[in-house]
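Some notes on the structure that comes next.
The values are calculated or read from the model by the stated rules, or taken from the named source; none is laboratory data. Just so you know, these numbers come straight off a predicted model, no measurement behind them. In this analysis, Cβ positions are derived from the backbone assuming ideal geometry, glycine residues included, and neighbour counts consider all displayed protein chains.
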Amino acid sequence: MLFVKDIMTKPVIVIRSSATVENAIWLMRTKRVRSLIVEEFYEQGPYGILTERDIIYNVIAKGRSPHFIRVDQIMRRPCICM
């Protein structure tokens, strides 16, 4: 039987919800991942998830600047943990 832990990227890469999408893109490229776990600025722990698809559909396709959009404006939430 295949488990999520067998195919997931390790370590998990985390970004703050207050970061810009530009920062998220840089982090994704640097770490060679397609998604980031988002944590709230004041609370530690998973809060949401940001994927390449979120960036493409909610920023790039709409002609918005990744420099001015924050991660918490386009991320998906809640982040479900088990």
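Consider the stretch 1-31. How many of its residues are of a type in the set (Ser, Thr, Tyr) and under 11 Å from ARG70 (Cα atoms)?
Counting residues in the stretch 1-31 that are of a type in the set (Ser, Thr, Tyr) and under 11 Å from ARG70 (Cα atoms) gives 3.
Could you list, in sequence order, all residues of the stretch 1-25 that are assigned to a loop (DSSP other than H, G, I, E, B), over 13 Å from the mean Cα position of the chain (by Cα) and either within 20 Å of ARG76 (Cα to Cα) or of a type in the set (Gly, Ala, Ser) (or both)?
MET8, THR9
Could you run through the stretch 34-63 and say how many residues are in a loop (DSSP other than H, G, I, E, B) and modelled with pLDDT of 95 or more?
3
Pairs needed: first member in the stretch 1-14, within 22 Å of GLU39 (Cα to Cα); second member anywhere, not in a helix (DSSP H, G or I); C-beta distance under 6 Å; at least 6 residues apart or different chains.
THR9/VAL33; VAL12/ILE37; ILE13/VAL33; ILE13/LEU36; VAL14/ILE37; VAL14/GLU39
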